[in-house]
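Student: Attaching a single structure in structure tokens format; questions to follow.
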Amino acid sequence: MKILQSCRKIILTIFVILPISISNAAVIHVQRVVDGDTFVDSNGVKYRLLGVDTPETKDPNKPIEPFGIEAFNMTRSLIEGEDVTISRDPESDKVDKYGRQLVIVKVGEIELNTSLVLLGMARVERRFPLSKSYLSELSDTEAYAKSSRVGIWSDQPQGQNRQCASKGDFCSSINGAVLVANDGTYLGIITSRYHAESIFNEYGLYGSKYGIHSIWNDYGLYGGKYSINSPFNPYSISPPKIFINGSEVGKLSVNNYIANAIDPYSLKGACRW
């Protein structure tokens, strides 16, 4: 399970949930993505992702930089045609020298700025003023990406990096894993939603929001955000365990302080199960 162990944080690449200081949150509709860090809303207003810089793809005076296309495709696949929540760092400039709004973007549970950095699809952009807390989050994320040699920090000139950039590798490695509650109760299988025992089968015992053994049952023992057995309790230190071939490889939890924790929302979104 080297892929799972080395990529346990890469799953959060596409679906990062971090405590950031934001202000003036608003919902806009993204009409078009220009490149990895720039987009336009339905009113023609231009935006730039705050605190990050993706490889160049549009500058007529520069060649397309390694991983620029990947960053563009990632941003486009996540936000183009979608309603997203934009917010600002209270200590940052509101616009750049080109008149683009400088924003932090979330679509659903996805925080795009940090996600791009974590996957090695962007560097931290330090030319703009940033609050100490947000700069620290981005810098720590960049340090992890560098140490993992993902994306632009890998030894490959283009395309997916050697181990961790592909969420497909992660999904393949965890497909078929068994989920077991801390009290020993079987909670289903991490696999396609078409499997009868999949935790993503909304009509099955382990994926229905009404199932007594479903982690998606908000009022159940294994899904309620106040239950110590639930992956959605951010303070629980005893969330469900993930087993592959009989060996525990991690835990399913929104508590990022738990070693080898995988966020359930991230898992569901990244693998499209």
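Student: Take GLU80 and LYS58, extend 7 Å from each Cα along the Cα→Cβ direction, and tell me the distance between the two endpoints in nm.
Tutor: 1.2
Student: Taking the Cβ of LYS225 as the centre, find all other residues whose Cβ is under 15 Å away and add up their charges (Lys, Arg: +1; Asp, Glu: -1).
Tutor: Cβ neighbours under 15 Å give a net charge of -2.
Student: Given springs between every Cα pair under 10 Å in a Gaussian network model of the chain, which of ALA181, ALA145, ALA25 has the largest fluctuation?
Tutor: Answer for the Gaussian network model of the chain: ALA25.
Student: Compute the semi-axes of the equivalent ellipsoid of the chain, taking the square root of 5 times each eigenvalue of the Cα gyration tensor, and list them largest first in whole Å.
Tutor: In descending order, the three semi-axes are 34, 20, 17 Å.
Student: Another question, if that's okay. Over every pair of different alpha-carbon atoms in the stretch 195-273, take the mean of 1/r and invert it; report that Kirkwood radius in Å.
Tutor: One decimal place: 12.6 Å for the Kirkwood radius.
Student: Which FRET efficiency, nearest 0.05, do TYR219 and TYR186 yield, Cβ-Cβ r, R0 35 Å?
Tutor: So the FRET efficiency works out to roughly 0.95.
Student: For the stretch 223-266, what is Rg from Cα atoms divided by 2.2 N^0.38 Å, rounded to two decimals? Don't skip to the answer; put the middle values down first.
Tutor: On the way: Rg = 9.8 Å, N = 44, 2.2 N^0.38 = 9.3 Å.
The value comes to 1.05.
Student: Right, here's the next one. Within the stretch 175-192, name every residue whose backbone N is under 11 Å away from a label modeled 7 Å from Cα of GLU248 along the Cβ vector.
Tutor: 180-184
Student: GNM, the chain, Cα, under 10 Å: largest mean-square fluctuation among LYS94, LYS62, LYS241?
Tutor: In this elastic network of the chain, the residue with the biggest mean-square fluctuation among LYS94, LYS62, LYS241 is LYS62.
Student: With the chain treated as a Gaussian network of Cα nodes joined by springs under 10 Å, which of ASN233, ASN175, ASN43 yields the largest mean-square fluctuation?
Tutor: Maximum fluctuation in the GNM of the chain, among the listed residues, is at ASN43.
Student: Here's something else I'd like to know. Kirkwood hydrodynamic radius, computed over distinct alpha-carbon pairs, for the stretch 11-153: how many Å, to one decimal?
Tutor: Values: mean 1/r = 0.0672 Å⁻¹.
14.9 Å is the Kirkwood radius here.
Student: Ignoring everything except DSSP H segments at least 4 long, calculate the 222 nm mean residue ellipticity for the chain; use -39,500 (n - 2.57) per segment, divide by total residues, nearest 500.
Tutor: -6000 deg cm²/dmol
Student: Cα-Cα over 21 Å: which of LYS46/LYS94; LYS146/LYS241; LYS94/LYS146; LYS106/LYS268; LYS46/LYS106?
Tutor: From the list (LYS46/LYS94; LYS146/LYS241; LYS94/LYS146; LYS106/LYS268; LYS46/LYS106), the Cα-Cα distance tops 21 Å for LYS146/LYS241; LYS94/LYS146.
Student: So how much slack lies between TYR194 and SER172, counting 0.36 nm per residue of separation and subtracting their Cα-Cα distance, in nm?
Tutor: 6.3 nm
Student: A follow-up question, please. If R0 is 35 Å, what FRET efficiency do you get for VAL95 and TYR144 from their C-beta distance, rounded to 0.05?
Tutor: Given R0 = 35 Å and the Cβ-Cβ separation, E is 0.70.
Throughout, read-outs are computed from the coordinates displayed, never taken from laboratory work. Since we're looking at a predicted model, the values are computed, not measured. In this analysis, Cβ positions are derived from the backbone assuming ideal geometry, glycine residues included, and neighbour counts consider all displayed protein chains.
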